[in-house]
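Colleague: Sharing a structure, written as structure tokens. Questions coming.
The values are calculated or read from the model by the stated rules, or taken from the named source; none is laboratory data. Quick caveat, the model's predicted, so the values are computed rather than measured. Here the Cβ positions follow ideal geometry from the backbone for every residue, glycine too, while neighbour counts run over all protein chains shown. Just the protein is used for accessible areas: all its heavy atoms, side chains included, with ligands, DNA and RNA removed. Shrake-Rupley method; radii C 1.70, N 1.55, O 1.52, S 1.80 Å.
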Amino acid sequence: MNDPGTHHTDPKKLPYQENDSLMTTKLTFGENIGDAPDDWYVVYQNEESQVLEAMAYIVTFGGRDQEKAAQNPHAISYSDYKKVEDIPFAQQWKFWNWSEKNGLAEQLGKATISNIQFSDDASIFDKKEGP
């Protein structure tokens, strides 16, 4: 989130869930940064633990128009953090509809992340050729 070419707005409180608000910053990208530089993220931080609480986003990858994508933003909330080699990982992810006015709205799905481990084989992240 702090790589060269990333930009953050000044922190501000936004609605999170129900009557709760959290500090956020909007993350955007410079021109020609990443695979989808028109995407944006609203990052919610847990003020007490300082971990990522949720992230709202739009998807423009594949040539989708930014304005159209912004009409249907979604969010992922993160919970049940577990430390693996002193790095916190969220084991529970929930997927939501999202709006700046109301925060996280209807839950769309959920995922459980387990068996988190590190590998010494960095080649697993190599870009594959072909279909």
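Residue by residue, here is whether (1) in a strand (DSSP E or B); (2) surrounded by 17 or more Cβ atoms within 10 Å (Cβ to Cβ); (3) modelled with pLDDT of 95 or more; (4) in contact with a Pro (Cβ under 9 Å, 6 or more places away or on another chain) holds:
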| site | (1), (2), (3), (4) |
| --- | --- |
| 32 | no, no, no, no |
| 47 | no, no, no, no |
| 60 | no, yes, no, yes |
| 72 | no, no, no, no |
| 76 | yes, yes, yes, no |
| 118 | no, no, no, no |
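Colleague: Restricting the search to region 113-131, which residues are in contact with a strand residue (DSSP E or B) (Cβ under 6 Å, 6 or more places away or on another chain) and not hydrophobic (A, V, I, L, M, F, W, C)? Lay out the reasoning, then the answer.
Modeller: Quick first cut of region 113-131, residues in contact with a strand residue (DSSP E or B) (Cβ under 6 Å, 6 or more places away or on another chain) only: 113, 116.
Those that are in contact with a strand residue (DSSP E or B) (Cβ under 6 Å, 6 or more places away or on another chain) and not hydrophobic (A, V, I, L, M, F, W, C): none in region 113-131.
Colleague: Among the residues of region 55-77, count how many are over 22 Å from residue 94 (Cα atoms) and touching an Asp or Glu at 6+ places or on another chain (Cβ under 6 Å). Talk me through it step by step, then tell me what you get.
Modeller: Our first condition is that a residue be over 22 Å from residue 94 (Cα atoms); within region 55-77, this holds for 62-68.
Filter once more, keeping what is touching an Asp or Glu at 6+ places or on another chain (Cβ under 6 Å): 66.
The total comes to 1.
Colleague: For region 87-107, does any single residue satisfy the condition of being open to solvent by less than 40 Å² (accessible area, probe 1.4 Å) and more than 23 Å from residue 20 (Cα to Cα)?
Modeller: no
Colleague: Which residues, counting only those in region 9-20, are under 16 Å from the mean Cα position of the chain (by Cα), in a strand (DSSP E or B) and loosely packed, with under 14 Cβ neighbours inside 10 Å?
Modeller: none
Colleague: If you check every pair at least six apart or on different chains, which have Cβ atoms under 9 Å apart with a residue in region 78-103 that is of a type in the set (Gly, Ala, Ser) first and a residue that is not in a strand (DSSP E or B) second?
Modeller: Partner pairs satisfying both residue conditions: 90/51; 90/113; 99/73; 103/16; 103/17; 103/18; 103/20.
Colleague: Report, ordered by the first and then the second residue, all pairs with beta carbons closer than 7 Å, sequence separation of six or more or different chains, a first member in region 1-27 that is touching a residue at least 60 places away in the same chain (Cβ under 8 Å) and under 13 Å from residue 43 (Cβ atoms), and a second member that is assigned to a loop (DSSP other than H, G, I, E, B) and open to solvent by 30 Å² or more (accessible area, probe 1.4 Å).
Modeller: 14/100
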